[in-house]
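Everything on this sheet refers to the single structure shown next.
The values are calculated or read from the model by the stated rules, or taken from the named source; none is laboratory data. What you see is a predicted model; the values in this text were computed from it and never measured. Glycine also receives a Cβ, built like all others from the backbone with ideal geometry; neighbour counts cover every protein chain displayed.
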Amino acid sequence: MALLEVSNLVASYGPIRALHGISFSLEEGGVTTILGANGAGKTSTLRAICGMVKTEGSVHFDGQDISSRPTEAIVRRGVAHVPEGRGTFTRVTTEENLLLGSYSRRDKKAVQSDMEQVYGYFPRLKERRNQQAGTLSGGEQQMLAVGRALMLRPKLMLLDEPSFGLAPLIVEELFAILRRINEDEKVTMLLVEQNATLALDLADHAYLLETGNVVIAGTADEIAADETVRRSYLGY
């Protein structure tokens, strides 16, 4: 069953159109990646799903039409967005950042339990729980962004360039944790990522965007074997 169904989605920034009627779906519990060059419309796709840009077309999440709903209502339905640039609240502590991720929840007794679960995935965040978040390293801030999204107890996590600006060893560690989260928590993931090799290794399905249009779609293995993708994005 598809958790997310996007049909003829158009996204615009004023007079500039970023997406030209794209369609795709996400299987519940799976990992899907969107690949493409800078300016292809990857980030705009995530923003359009969250209601952060002007859109046309339809977006159905968990059987409900969320196309015209405000971003806060979409978040409350269980869509967590990990934005490019991490979105860290720099002047408050690591733990306060995590608590901000649970602001829409009413089951406050379970929040502390979920906090410990996040610390289980990211032990360094526990070590720095009382540290001002703006003083964390880039890798730690990216882990904090993922942890904050988990505090929502999301059904769907949108990840925008999680490897950006991170050292290779940190990226490897982060993607291993994302795999664990997907397998253990059954969180569906939509991943935008410049490192196509990493993304295809994590994902089940993939879509390739060019100038706001889906030009190739298939399983991650099929896309990885596609000659166009290999030459343009995988370097062999």
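Tabulated results
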item: Ala48 part of a helix (DSSP H, G or I), surrounded by fewer than 20 Cβ atoms within 10 Å (Cβ to Cβ) and without any contact (Cβ under 8 Å) to a residue 60 or more places away in the chain; result: no
item: Flag for Thr33 being under 16 Å from the mean Cα position of the chain (by Cα), in contact (Cβ under 8 Å) with a residue 40 or more places away in the chain and in a helix (DSSP H, G or I); result: no
item: Count of the stretch 197-231 residues which are part of a helix (DSSP H, G or I) and not small (Gly, Ala, Ser); result: 13
item: Residue check, Ala11 over 20 Å from Ala199 (Cβ atoms), surrounded by 22 or more Cβ atoms within 10 Å (Cβ to Cβ) and in the same structural domain as Ser68 (by TED's automatic domain parsing); result: yes
item: Subset of the stretch 203-220 [in contact (Cβ under 8 Å) with a residue 12 or more places away in the chain and either surrounded by fewer than 19 Cβ atoms within 10 Å (Cβ to Cβ) or among the small types (Gly, Ala, Ser) (or both)]; result: Ala203, Asp204, Ala206, Glu210, Thr211, Gly212, Asn213, Ile216, Ala217, Gly218, Thr219, Ala220
item: Boolean, Ala225 is crowded, with 19+ Cβ neighbours inside 10 Å and either in contact with a helix residue (DSSP H, G or I) (Cβ under 7 Å, 6 or more places away or on another chain) or in the same structural domain as Val6 (by TED's automatic domain parsing) (or both); result: no
item: Matching option when the condition is out of contact with any His (no Cβ under 9 Å at 6 or more places or on another chain) and in contact (Cβ under 8 Å) with a residue 60 or more places away in the chain, among Phe89, Phe61; result: Phe61
item: Some residue of the stretch 20-29 being farther than 23 Å from Arg153 by Cα, among the charged types (D, E, K, R) and assigned to a strand (DSSP E or B); result: no
item: Qualifying residue in the stretch 52-69 (condition: outside any strand (DSSP E or B), closer than 25 Å to Gln194 by Cβ, under 15 Å from the mean Cα position of the chain (by Cα) and modelled with pLDDT of 95 or more); result: yes
item: Per-region count, the stretch 70-81, residues on the phi > 0 side of the Ramachandran plot and in a helix (DSSP H, G or I); result: 0
item: So Val79, is it at pLDDT 95 or above and under 19 Å from Met151 (Cβ atoms); result: yes
item: The stretch 82-100, residues that are buried (at least 21 other Cβ atoms within 10 Å of the Cβ) and either in a helix (DSSP H, G or I) or modelled with pLDDT of 95 or more (or both); result: Val82, Thr94, Asn97, Leu98
item: Single residue of Leu26, Leu35, Leu19 found to be within 20 Å of Lys186 (Cβ to Cβ), crowded, with 16+ Cβ neighbours inside 10 Å, in the same structural domain as Val214 (by TED's automatic domain parsing) and touching a Leu at 6+ places or on another chain (Cβ under 9 Å); result: Leu26
